[in-house]
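Trainee: Can you keep this structure in mind? I'll have questions shortly.
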Amino acid sequence: MRWQGQRQSEHIEDRREGGPAGPGMRLAGGRGLGVGTIVVALLASWLLGINPMTLLGVLEGTGMPGQDTPVQVQAGPPKAGDTEAAFVATVLASTEDVWSGLFKSAGSLYEPPTLVLFRGSTPTACGRGEAAMGPFYCPGDRQVYIDLAFYETLRSRLGAPGDFAQAYVIAHEVGHHVQNLMGVTDKVDAMRRRQSPAQANAMSVRVELQADCLAGLWARQSQDAQRWLEQGDLEEALNAASRIGDDALQQQSQGRVVPETFTHGSSRQRVAWFRKGLEGAQLRDCDTFAAREL
């Protein structure tokens with residue numbers, strides 16, 4: 001992926017100077033949350049389809065994630081010499097260009113998200129965010145959060161190396177921001193509150209697969225504009241989509257697959273919808289909610 005020398009976004013908020021919250025990870029109230037507890041929360045969220053932020057709050061005894069005072073950090077381009085941050089800022093800039101163009105063609109204005117770099121844990125409008133959750137999007141503050149250590153997990157533990165695999169992760173989270181701007185997030189949340197756990201899980205799968213499709217749509221559009229992909233780059237993204245399917249993660253974490261608890265979609269589904277985005281040209285090409293079969 002030939003990303004060097006491309007435009008970098010200024011919508012980057014770097015909270016890494018303070019370092020991680022410590023070995024136990026801190027939630028509001030000052031009590032520590034052990035890494036083992038975080039792992040339990042993540043496994044339970046995969047099994048039950050519950051937001052890991054909510055589970056972390058329950059396990060901590062607060063009932064809901066802690067509400068911390070927001071960190072005030074000036075957004076701007078990465079510091080010179082910070083290669084990892086420069087890469088993230090370059091990919092984010094590309095998503096801004098693609099979605100600005102697509103929204104304009106649809107008669108709308110695209111409002112880009114801020115991407116927050118952090119270590120360990122950080123306060124968000126959705127509750128306390130932990131690095132162990134992986135990258136995530138918070139609709140409450142319209143920000144994407146990532147601890148760059150996740151990329152090592154992606155390479156070494158999930159078997160998805162490569163810079164375009166990393167770019168896919170960012171594009172997927174920005175896809176959730178696009179859903180938020182389109183009103184999809186609010187509509188789905190309202191529906192989920194009236195549904196059974198199994199129905200809510202199935203709705204979450206459609207949300208996540210649409211974000212995968214939007215990531216594919218970005219990949220296609222960015223390649224048309226920048227010609228920055230090299231041989232093997234698309235395969236890296238497809239491999240990443242496959243490695244983080246619910247079936248693959250459940251098999252790795254518990255040795256068995258429970259389809260009714262899926263919240264993100266199977267490996268096959270995630271690859272298929274990313275490909276659908278690659279072959280598409282407009283937002284309506286990613287309507288997972290109208291699809292009879294995923």
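Trainee: Does any residue in the range 143-163 that is within 25 Å of Gln251 (Cβ to Cβ) come within less than 6 Å, Cβ to Cβ, of a residue that is polar (S, T, N, Q) and buried (at least 17 other Cβ atoms within 10 Å of the Cβ) six or more places away or on a different chain, and which pairs are these?
Mentor: What qualifies is Tyr151/Gln166; Ala160/Asn239.
So that you can scan it fast, the table gives a plain yes or no per residue for (1) surrounded by fewer than 19 Cβ atoms within 10 Å (Cβ to Cβ); (2) of a type in the set (A, V, I, L, M, F, W, C); (3) within 22 Å of Phe150 (Cα to Cα); (4) touching a residue at least 40 places away in the same chain (Cβ under 8 Å):
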residue: Ala215; (1), (2), (3), (4): no, yes, yes, yes
residue: Glu230; (1), (2), (3), (4): yes, no, no, yes
residue: Thr263; (1), (2), (3), (4): no, no, yes, yes
residue: Val271; (1), (2), (3), (4): no, yes, yes, no
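Trainee: Only one residue in Ala237, Ala171, Ala248, Ala215 is aliphatic (A, V, I, L, M), at negative phi and in contact with a His (Cβ under 6 Å, 6 or more places away or on another chain). Which one? Walk me through how you get there before you give the answer.
Mentor: Details: Ala237 fails: in contact with a His (Cβ under 6 Å, 6 or more places away or on another chain); Ala171 fails: in contact with a His (Cβ under 6 Å, 6 or more places away or on another chain); Ala248 fails: in contact with a His (Cβ under 6 Å, 6 or more places away or on another chain).
The unique qualifying residue is Ala215.
Trainee: Report, by residue number, each residue of the range 85-128 that is in contact (Cβ under 8 Å) with a residue 40 or more places away in the chain, over 18 Å from Leu154 (Cβ atoms) and assigned to a strand (DSSP E or B).
Mentor: Across the range 85-128, the qualifying residues are Thr114, Val116, Ser121, Thr122, Pro123, Gly127, Arg128.
Trainee: Same structure again: Considering only residues that are at negative phi and assigned to a loop (DSSP other than H, G, I, E, B), look in the range 129-156 and name the one that is surrounded by the most Cβ atoms within 10 Å (Cβ to Cβ).
Mentor: Result: Asp147.
Trainee: Which of the residues that make up the range 203-246 are acidic (Asp, Glu) and in contact with a Lys or Arg (Cβ under 7 Å, 6 or more places away or on another chain)? Quick ask: steps written out before the conclusion?
Mentor: Let us first name the residues in the range 203-246 that are acidic (Asp, Glu), namely 208, 212, 224, 230, 233, 235-236, 246.
Correct list: Asp212, Glu230.
Trainee: Filter the range 157-202 down to residues that are in contact with a Lys or Arg (Cβ under 7 Å, 6 or more places away or on another chain) and at pLDDT 95 or above and give me whichever is surrounded by the fewest Cβ atoms within 10 Å (Cβ to Cβ).
Mentor: Restricting to residues being in contact with a Lys or Arg (Cβ under 7 Å, 6 or more places away or on another chain) and at pLDDT 95 or above, the top hit is Asn180.
For (1) modelled with pLDDT of 90 or more; (2) within 20 Å of Gly159 (Cβ to Cβ); (3) in contact with a Gly (Cβ under 9 Å, 6 or more places away or on another chain); (4) not aromatic (Phe, Trp, Tyr), each residue gets a yes or a no:
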position: Arg227; (1), (2), (3), (4): yes, no, no, yes
position: Asp233; (1), (2), (3), (4): yes, yes, yes, yes
position: Glu236; (1), (2), (3), (4): yes, yes, yes, yes
position: Ala240; (1), (2), (3), (4): yes, yes, yes, yes
position: Gly245; (1), (2), (3), (4): yes, yes, yes, yes
position: Leu249; (1), (2), (3), (4): yes, yes, no, yes
position: Val257; (1), (2), (3), (4): yes, yes, no, yes
position: Gly265; (1), (2), (3), (4): yes, yes, yes, yes
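The values are calculated or read from the model by the stated rules, or taken from the named source; none is laboratory data. From a predicted model like this one, the values you see are computed outputs, not experimental measurements. Cβ atoms come from the backbone with ideal geometry, glycine included; neighbour counts cover every protein chain shown.
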